Amino acid sequence: MNLRLARLYEQQREYSKVEAVYLEVLKENPTNLIALNNLAYAYIDQLDRPEDGLKLIEQAIKAVPGDPNLVDTYAWALARMGRIDEALPIFQQIITRASSSPDSLYHMGYVLEQSGDLTEARSYYRRALEILKTKQNHSLQTKVQTALSRMEQTLSKE
């Protein structure tokens, strides 16, 4: 029940409520991987608290090492903390080993953009957007479209 409520708050972009619900879930079950991953992601992406997200996702990875979703969240925390050189090889492994999710592709594009490889960043943003076309109202669509537009504008000036 609480996980569904948290998802509802996520869709409504009420992130303080998302945090409260997931913290309650973790109070009852500190090893709930869904709550650990989703709260970590909310800290990293929506609440601009990547350090808090990193702590949570490290707990989850200890329980299930190598899970692509957890590793993606871990690398995203590193990227959002400016630790691009650490995040890049992790995203490369995720994309090589697992089927590419739009999240991982977007995150890889972001890391490449931050490292200055704009052409490759654009390529990953395009791939993410292509997948997102089949998913209506996905929360990532606007971010990917904005990033792709930014790359298109920047690269057209070169």
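What the table shows:
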| quantity | calculated |
| --- | --- |
| Candidate set from the stretch 76-126 (those that are of a type in the set (Val, Ile, Thr) and under 23 Å from PRO65 (Cα atoms)); member that is surrounded by the fewest Cβ atoms within 10 Å (Cβ to Cβ) | THR96 |
| Every residue from the stretch 38-76 that is out of contact with any Ser or Thr (no Cβ under 8 Å at 6 or more places or on another chain) and either touching a residue at least 40 places away in the same chain (Cβ under 8 Å) or of a type in the set (D, E, K, R) (or both) | ASP45, ASP48, ARG49, GLU51, ASP52, LYS55, GLU58, LYS62, ASP67 |
| Unique residue being over 16 Å from the mean Cα position of the chain (by Cα), assigned to a helix (DSSP H, G or I), farther than 19 Å from TRP76 by Cα and basic (Lys, Arg) when the list is ARG122, ARG150 | ARG150 |
| Pick from the stretch 125-147, criterion assigned to a helix (DSSP H, G or I) and small (Gly, Ala, Ser), ranking: nearest to SER104 (Cα to Cα) | ALA128 |
| Output for the stretch 87-115, where each listed residue is of a type in the set (Phe, Trp, Tyr) and under 10 Å from the mean Cα position of the chain (by Cα) | TYR106 |
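Here's the yes/no breakdown for (1) under 16 Å from the mean Cα position of the chain (by Cα); (2) not aliphatic (A, V, I, L, M):
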| site | (1), (2) |
| --- | --- |
| GLN12 | no, yes |
| VAL25 | no, no |
| ALA35 | yes, no |
| TYR43 | yes, yes |
| GLY53 | yes, yes |
| VAL64 | no, no |
| ASP67 | yes, yes |
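Bear in mind these aren't lab numbers, they're just calculated from the coordinates by the rules spelled out. Keep in mind the model is a prediction, meaning the values are calculated, not measured. Quick reminder, even Gly has a Cβ in these numbers, built from the backbone with ideal geometry, and neighbours come from all protein chains shown.
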